[in-house]
Amino acid sequence: MNREQLNKESKKWVEQSIITESQREQLMGLYPKKQSKPMLVLFAAIFIGLGFLTFVASNWSYLTNIGRMAILIVSLLGFYVAGEQVYHKRSKQIGTSLIIVAVMIFGASLFLIGQMYHYSSYSALPFFLWGLAAFSLYVLFKEVPFYYTTLVILSVGQLYSGLFHQDYHLWIGVLFLFGIGWAVYQEQGERSQAAFGIGFVIQSIVLVFSEGIPYYWLLALFLFLYVADDFLIRKGAKHLLKTVSILAVFIILVFQAFFLGNVYVGELTESSLYFFLVWAVLFVFAVVRSAVSSTNYYWIDLLLFVPVFRFMFGDFLSLGLLFIYALLWLISGYRQEVSRWVNKGTAAFLIATLVAYFQLAWNFLDRSLFFFLGGLLLFALSFFLEKKRRTIYRGGVEHD
């Protein structure tokens, strides 16, 4: 007897006074709940859906419009009804996967019906409707695979809107920010946080580049994600939204170190009062939150959000910020004996060194000598930093 069957039967035993509630709990304890694999369920559903859609597409041209509509409606309702029945009576995982197949058929139907009746949508509206349906299922069932399905649909839809229509779809952005944001607040899972953070980065990049907004607005958007972490994630949980935000702005600084030379200062640093107002409000709030936190060293992360593009030699200032950021985490990690901080500083220092080496030595050294010396430099740095890191690991502690 599996856990689900025992759960149903034991309730009847309690009602019939065969066993007590405490005895029922002891019995349930003998059958520990298996850890669900939402990602495996999600990918299983995706492959089943792709197999079905591929089969239909290969025979699509031989069908009439009525036959096509019948296949779409029957398959959609069939998978959904079957999934709901299996979900409530047999297995939640299998039921969820069948419903996700129905979601995929629904999304494909939006495009196929438009093709059948020669209707063209010059926006990402079908993706919004598709994402709204998937999000409604998450609200109804509260299952994590529906969360990931919605996030993927909205991210792909926004990329489609940006690449093919050079437009940021507002309603997709609203549904992502408030719908998926609310789901992250409900879930509080590490994977769901990371997925939301990556999706937010995608949404931000599409917004900035498709609407012709100056690239430095990404700093404000990623700082917003950093600040939003304090509202979405409860105390005691890992704050991966901050991590994604820091990684994103770190990459921006790397690009600035390569491309933000004096030639581009006039083009890329036009004064924007709105940007600096938004940035200042968010930055001050982040500084205050960092000051009152139990670990005051996290103000170091905020250095990456300083808008150095506004100054001359913005490329060298970006590179300098990378080195300062890395060295401060290294020094703090050694002093406090926190190995995780040392690892963070080590990784940042190696990347900053590599960026500086490419920027300064590429045009002045022979290519073979360039790579040879670079390898020796990185080897020496790795040896030194690894030696220091092991010293911390032997007597260090882990902090959040």
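At a glance:
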read-out: Failed item, numbered, when ALA102 is tested on (1) open to solvent by less than 10 Å² (accessible area, probe 1.4 Å); (2) within 28 Å of PHE224 (Cβ to Cβ); value: (2)
read-out: Pairs where the first residue, in the stretch 66-88, is touching a residue at least 12 places away in the same chain (Cβ under 8 Å) and within 9 Å of LEU98 (Cβ to Cβ) and the second is surrounded by 16 or more Cβ atoms within 10 Å (Cβ to Cβ) and of a type in the set (S, T, N, Q), C-beta under 8 Å, 6+ apart; value: GLY83/THR96; GLY83/SER97; TYR87/THR96
read-out: Within the stretch 128-158, tally of residues that are touching a residue at least 60 places away in the same chain (Cβ under 8 Å) and open to solvent by 50 Å² or more (accessible area, probe 1.4 Å); value: 0
read-out: Of all residues in the stretch 283-326 being closer than 22 Å to ILE233 by Cβ, at pLDDT below 80 and aromatic (Phe, Trp, Tyr), the one that is farthest from the chain's Cα centre (by Cα); value: TYR297
read-out: Output for the stretch 331-349, where each listed residue is farther than 16 Å from ILE246 by Cβ and without any contact (Cβ under 8 Å) to a residue 40 or more places away in the chain; value: ILE331, ARG335
read-out: Test: ILE180 is over 18 Å from LEU240 (Cα atoms) and in contact with a Phe, Trp or Tyr (Cβ under 7 Å, 6 or more places away or on another chain); value: no
read-out: Residue that is surrounded by the most Cβ atoms within 10 Å (Cβ to Cβ), among those in the stretch 162-187 that are over 22 Å from ALA124 (Cα atoms) and of a type outside the set (Ser, Thr, Tyr); value: VAL184
read-out: Residue in the stretch 289-329 that is surrounded by the most Cβ atoms within 10 Å (Cβ to Cβ), counting only those that are touching a residue at least 40 places away in the same chain (Cβ under 8 Å) and over 18 Å from VAL249 (Cα atoms); value: TYR297
read-out: Candidate set: the stretch 219-238, residues that are touching a residue at least 24 places away in the same chain (Cβ under 8 Å) and outside any helix (DSSP H, G or I); chosen: the one least open to solvent (accessible area, probe 1.4 Å); value: ILE233
read-out: Single residue of the stretch 109-125 satisfying the filter (assigned to a helix (DSSP H, G or I) and open to solvent by less than 20 Å² (accessible area, probe 1.4 Å)) that is farthest from TYR168 (Cα to Cα); value: MET116
read-out: Test result for GLY266, modelled with pLDDT under 80, assigned to a helix (DSSP H, G or I) and not hydroxyl-bearing (Ser, Thr, Tyr); value: yes
read-out: Selection within the stretch 210-244 - touching a helix residue (DSSP H, G or I) at 6+ places or on another chain (Cβ under 7 Å) and aromatic (Phe, Trp, Tyr); value: TYR215, TYR216, TRP217, PHE222, PHE224, TYR226
read-out: Identity of the residue in the stretch 188-218, in a helix (DSSP H, G or I) and surrounded by fewer than 17 Cβ atoms within 10 Å (Cβ to Cβ), that ends up modelled with the highest pLDDT; value: ILE198
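The values are calculated or read from the model by the stated rules, or taken from the named source; none is laboratory data. Note that the structure is a prediction, hence the values are computed from the model and not measured. Note: ideal-geometry Cβ built from the backbone for every residue, glycine included; neighbour counts use all protein chains shown. To get the accessible areas, we keep the full protein, side chains included, count just its heavy atoms, and leave off ligands, DNA and RNA. Shrake-Rupley method; radii C 1.70, N 1.55, O 1.52, S 1.80 Å.
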